[in-house]
Amino acid sequence: MNTALKVTAFAAGLAATFTAAYGVGHAVGPAPAQPHPAAHGGHAAHPADDAGTTAHADHQVGGLQAAERGYTLSLDRTVVPAGGPTGLSFRVLAPDGHPLTAYRPAHEKELHLIVANRDLTDFQHLHPVRAADGTWTAPANIAAAGDYRVFADFTPAAETDPLTLGADLHAAGDYRPAALPQTGRTVTVDGYTLTLTGGLAPGRPGRLAFTVTKDGRPVTDLDPYLAAYGHLVVLRAGDLGYLHVHPDGEPGDGTTAPGPEIDFTATAPSPGDYRLFLDFQHQGTVHTAAFTLTAETAAPEPHQH
């Protein structure tokens, strides 16, 4: 076969290949685009899946990134010494790059600061002080070496939706990983016994009720703490996805009793293990009880024929 015939045969084969590919493409059709609804304050609406749960429930999780909606959490130090008290200093940068100085207070504070280690064995709920230039400072107790996550929970004054930003903090030293604590549904802290009923379900609201007793007797005179009888922070094991929920009802509303039960409604963003940290105040002292709870996807109901 001469050169001209070889070129002609190659061109014909190439055309046939493209024609076949074109036909297959039309038979199968292009892959449908997967729209991503715009997140709004960490609470974007997502379509439900076949099981009736939220298809992309992670929209309920905050603190997975240091920047969102134009706001950035900037720590002055990302490495601190382990073994005791240390000072934390940070700023929230607004979309214009300047430190944010105007906040919308929530539960009596402009900003709530949470510090937790990656093992979820150490948890601190702090209330830092803001200087006029937008710098926040707070004392923290970094008892052990390891990796920590710092969460800033706040609402800018110019917005209505809350925002939770997270940044990594490293405590230098000899790090000994710890397994996720397994608590069961009864926990004792500082002489108080707390019993948890209810549970977490992925993509669906679930009721969490904590009953507080001391010396075998119900505690019915809890103190209001930050405009509530209790505060609950839920962190997902693994990536430390953050949910901050508040109790059903509030002091002075005429229906919410000051104990022994503190009720919450929370939605797990996905199946898995979670750590629940409950702050409550009694006789002027704040206590923190920690629980480990697993959110499991319910088995689908059999189809009826």
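The values are calculated or read from the model by the stated rules, or taken from the named source; none is laboratory data. Please read these numbers as outputs of a predicted model, since none were measured by experiment. We place every Cβ from the backbone using ideal geometry, glycine too, and count neighbours over all the protein chains shown. Heads up: the accessible areas ignore ligands, DNA and RNA and are worked out on the full protein's heavy atoms, side chains in. Shrake-Rupley method; radii C 1.70, N 1.55, O 1.52, S 1.80 Å.
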By average Cβ neighbour count within 10 Å, what is the ranking of 241-253, 69-81 from highest down?
-> 241-253, 69-81
Of the heavy-atom accessible surface of the stretch 72-230 (probe 1.4 angstrom), what whole percent is carbon and sulfur?
-> 53
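Shape of the stretch 161-305 from its Cα gyration tensor (a ≥ b ≥ c, root eigenvalues): rounded if a/c is under 1.5, otherwise prolate when a/b > b/c, or oblate?
oblate
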Listed peptides 232-238, 129-135 by packing density, highest first (mean Cβ within 10 Å) | 232-238, 129-135
What order, most packed first, do the peptides 224-230, 111-117 have when packing is the mean number of other Cβ atoms within 10 Å of each residue?
-> 111-117, 224-230
